[in-house]
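Chemist: My questions will all concern the structure given below.
What follows draws every value from the coordinates through simple rules; no lab data is involved. No experiment lies behind these values; they were computed from the predicted model shown. Using ideal geometry, Cβ is built from the backbone for each residue, glycine included, and neighbour counts are taken over all protein chains shown.
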């Protein structure tokens with residue numbers, strides 16, 4: 001969601017005459033679009049703010065930290081000129097000018113945020129993020145999202161379909177439908193429309209070859225969703241379904257609204273209806289009061305579920321959440337025990353992932369290339385099942401659709417050889433670089 005928001009921030013600035021630079025020291029404006037879900041994310045922002053040294057630059061902070069901390073950011077990081085909410089994006093150019101004279105705090109009503117009405121500067125042309133809802137009304141006990149993103153608001157279906165139509169006409173072949181909980185889409189409408197219906201309509205748009213979505217909540221998932229996934233070849237066979245804990249006791253304290261058997265029934269039904277589906281998940285270890293027995297239940301669920309991949313996190317204390325109060329009631333888990341449990345479940349999942357990836361060796365897969373790899377002469381792409389594929393940089397231009405043969409698998413990614421360039425990278429005209437303001441974000 002933050003990546004998509006950043007594309008709109010870029011779109012508004014570039015329409016106003018700014019040009020992006022990847023060198024912060026060259027920028028007139030440096031913007032930090034932040035996340036508050038975990039403390040580690042906020043710590044990275046504080047460190048990065050301390051490292052900003054350019055004189056005369058406007059330094060801005062937006063996103064969830066801006067919403068959660070507000071003016072306190074100025075106290076801890078006096079170098080910051082502007083703190084704003086994305087709901088104020090339409091005023092960003094004026095806010096930047098105002099902040100050159102004094103620090104500016106601009107936070108409106110997050111429930112009024114309509115960021116998708118603003119221009120966007122997308123990072124890729126073949127693949128696009130399309131939000132279908134904003135905020136969340138689930139109030140899981142550990143989560144700050146409802147407080148910093150607001151209550152769930154579904155985007156009008158006609159608006160979603162119009163955006164997908166427009167994207168398809170521009171050559172986009174993959175859309176990723178976004179929501180904090182896509183499964184509850186439309187429940188705030190007078191005439192509810194289910195997410196499965198939205199998925200079906202989007203998949204029918206001419207020119208769209210791949211439809212993905214994230215993130216799903218197990219409690220709100222409908223089995224009609226799996227029927228659409230089975231019947232529509234455009235809907236990618238990938239489901240990200242966080243389970244967070246394998247312990248019924250911990251799940252109750254987390255306020256997740258389901259137990260382990262309910263979760264297992266959901267993924268088993270998904271595998272029955274969508275053969276070959278790729279399942280990924282989120283896991284939290286070290287939740288307040290989590291016993292060794294609770295943790296063993298999590299390990300057992302990971303072993304039984306056989307996920308293709310899992311995002312594993314140590315519980316992060318967040319003020320003003322129900323879990324923050326539970327720390328005193330149930331007891332904090334020591335950092336040493338959190339780390340031990342994190343490493344143990346990571347080792348187990350790595351073994352499962354490595355085995356899961358081996359089944360792709362020798363297959364041909366359609367891959368959309370997204371970015372350069374951090375190491376080696378490779379580009380990173382994703383299959384329809386959302387698996388990472390490393391392709392040789394010399395053969396695979398970024399932002400292309402490629403038919404690749406999978407030649408090897410590792411612990412977390414596949415490697416492949418380019419067989420055919422199905423849709424080449426679009427060549428965009430270079431912008432004029434004279435007398436232009438620059439921003440970095």
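Chemist: Cα-Cα pairs above 16 Å in the range 177-285: how many percent?
Modeler: When every Cα pair of the range 177-285 is considered, 59 percent fall beyond 16 Å.
Chemist: Let me ask something else about it. Distance between Cα centroids, the range 1-57 to the range 63-78: provide it in whole Å.
Modeler: A separation of 14 Å, based on Cα centres.
Chemist: Let me make sure I get this right: for the range 364-423, a, b and c are the square roots of the gyration tensor eigenvalues over alpha carbons, sorted descending. Under 1.5 in a/c it's rounded, otherwise prolate if a/b > b/c, else oblate. Which is it?
Modeler: rounded
Chemist: Taking the alpha-carbon centroid of each part, what is the distance from the range 145-189 to the range 218-280 in angstrom?
Modeler: Cα centres, the range 145-189 to the range 218-280: 20 Å.
Chemist: Can I ask one more? Listing 360, 189 from the residue with the fewest other Cβ atoms within 10 Å to the one with the most, what is the order?
Modeler: Taking fewest neighbouring Cβ atoms as first place, the list is 189, 360.
Chemist: What is the chain's relative contact order, in percent, from Cα pairs under 8 angstrom and six or more apart in sequence?
Modeler: 14 percent
Chemist: For a quick check: sort 121, 338 by the number of other beta carbons within 10 angstrom, fewest at the front.
Modeler: Least to most surrounded, the residues fall as 121, 338.
Chemist: A further question follows. Could you tell me which of rounded, prolate or oblate describes the range 291-441, using a ≥ b ≥ c as the square roots of the eigenvalues of the alpha-carbon gyration tensor, with rounded for a/c under 1.5 and, failing that, prolate when a/b is larger than b/c and oblate otherwise?
Modeler: Oblate is the answer for the range 291-441, as a/c is 1.5 or above yet b/c matches or exceeds a/b.
Chemist: Tell me the mean residue ellipticity at 222 nm calculated for the chain from its helices only (DSSP H runs of n ≥ 4, each -39500 (n - 2.57), averaged over every residue, nearest 500).
Modeler: About -10000 deg cm²/dmol.
Chemist: Using only alpha carbon positions, build the gyration tensor of the chain, then give the equivalent ellipsoid semi-axes as the square roots of 5 times its eigenvalues, largest first, whole angstrom.
Modeler: Working through the eigenvalues yields semi-axes of 33, 30, 23 Å.
Chemist: May I pose another question? Using the 2.2 N^0.38 Å rule of thumb for compact globular proteins, work out how the range 2-112 stacks up: its C-alpha Rg over that value, please.
Modeler: The range 2-112 yields a ratio of 0.98.
Chemist: Return 98, 1, 229 ranked ascending by Cβ neighbour count within 10 Å, so the fewest neighbours appear first.
Modeler: Listed from fewest to most nearby Cβ atoms, that is 98, 1, 229.
Chemist: Quick one: compute the contact order of the range 80-170, relative version, from alpha carbon pairs under 8 angstrom and 6+ residues apart, as a percent.
Modeler: Normalised by residue count, the contact order of the range 80-170 is 23 percent.
Chemist: Just to be sure I understand the model, the point goes 7 Å from the Cα along the line to the Cβ. What's the resulting residue 322 to residue 188 distance in nm?
Modeler: In this crude label model, residue 322 to residue 188 measures out at 2.0 nm.
Chemist: Using a 7 Å offset from the Cα along the Cα-to-Cβ direction at both residue 230 and residue 262, what is the distance between the two label points in nm, to one decimal?
Modeler: My value for the distance between the label points is 2.3 nm.
Chemist: Now for a separate question. Below 8 Å between Cα atoms, with a sequence gap of 6+, how large is the relative contact order for the range 364-423 in percent?
Modeler: Answer for the range 364-423 is 32 percent.
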